[in-house]
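Heads up, the thing below is written out as structure tokens.
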Amino acid sequence: MQHKSTNAGFSLVELLVSLMLFTVVVTIAVGTLLTLIYSNTKARNMQDALTNLQFALDSMTREIRTGTNYYCGGNVENNTPAPAATRDCTGGASAFAFLEGGQSLTGGGNGRISYRLANERIERRIGTDSWEPLTSQQVRITELRFVARDTDDFLTDGDTTQPTVTLYVSGEAGQIPGLDTSFSLQTSLTQRVRDISADVD
């Protein structure tokens with residue numbers, strides 16, 4: 001009497017079907033993992049950019065707000081404007097200078113702090129010293145624009161409006177091609193030192 005074995009293996013068709021299902025599941029899982037890695041890298045790039053930009057903008061706005069004699073545009077990049085000089089730029093300019101409030105950084109003299117865009121970075125100069133980068137290399141600034149209004153001093157020109165500056169910054173952050181994050185920021189500020197007469201109605 002012949003005994004029939006019940007331990008039969010998989011057929012070729014069953015093996016191919018199971019292999020195909022395994023491949024589909026692995027492909028979906030790897031795709032999801034790559035998407036998560038991409039999203040995490042992009043979020044980290046954005047966080048790094050925002051941290052660096054926040055430091056730069058906080059520093060700039062604090063110094064500008066407490067400063068005086070705003071001078072926008074002109075030849076700020078090459079020359080330091082005279083201490084008493086002021087200049088509006090309602091159309092915007094990529095360079096800006098002002099007299100520091102309190103003389104803590106400039107130590108007297110001209111007392112001008114200047115900002116400009118150069119080599120895709122925001123740069124700062126104190127007095128007539130050399131320009132120093134304010135933003136990191138991970139952040140590429142494509143546009144820096146200052147709009148200054150009512151910079152005239154009341155005592156000399158009868159100005160009745162407090163000086164204001166609006167700052168526009170845009171660019172990209174990140175060092176991995178294809179994972180860069182774009183940003184565009186704007187902030188407005190008013191000079192803290194009173195520039196108008198108390199007698200103005």
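The values are calculated or read from the model by the stated rules, or taken from the named source; none is laboratory data. Just so you know, these numbers come straight off a predicted model, no measurement behind them. Cβ placement follows ideal geometry from the backbone for every residue including glycine, while neighbour counts extend to all protein chains displayed. Remember, those area values only see protein heavy atoms, side chains included, never the ligands or the DNA or RNA. Shrake-Rupley method; radii C 1.70, N 1.55, O 1.52, S 1.80 Å.
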Positions within region 129-149 being outside any loop (DSSP other than H, G, I, E, B) and in contact (Cβ under 8 Å) with a residue 24 or more places away in the chain, in sequence order: 139, 140, 141, 142, 143, 144, 145, 146, 147, 148, 149
Residue identified as at pLDDT 80 or above and surrounded by fewer than 16 Cβ atoms within 10 Å (Cβ to Cβ) among 76, 13: 13
Hits in region 52-72 (condition: surrounded by 13 or more Cβ atoms within 10 Å (Cβ to Cβ) and without any contact (Cβ under 8 Å) to a residue 24 or more places away in the chain): 55, 62
Pair list, Cβ < 9 Å and 6+ apart or interchain, from region 19-38 residues that are in contact (Cβ under 8 Å) with a residue 40 or more places away in the chain to residues that are open to solvent by less than 100 Å² (accessible area, probe 1.4 Å) and not in a helix (DSSP H, G or I): 38/178; 38/179
Residue in region 40-60 that is over 30 Å from residue 147 (Cβ atoms), modelled with pLDDT of 80 or more and not hydrophobic (A, V, I, L, M, F, W, C) present: yes
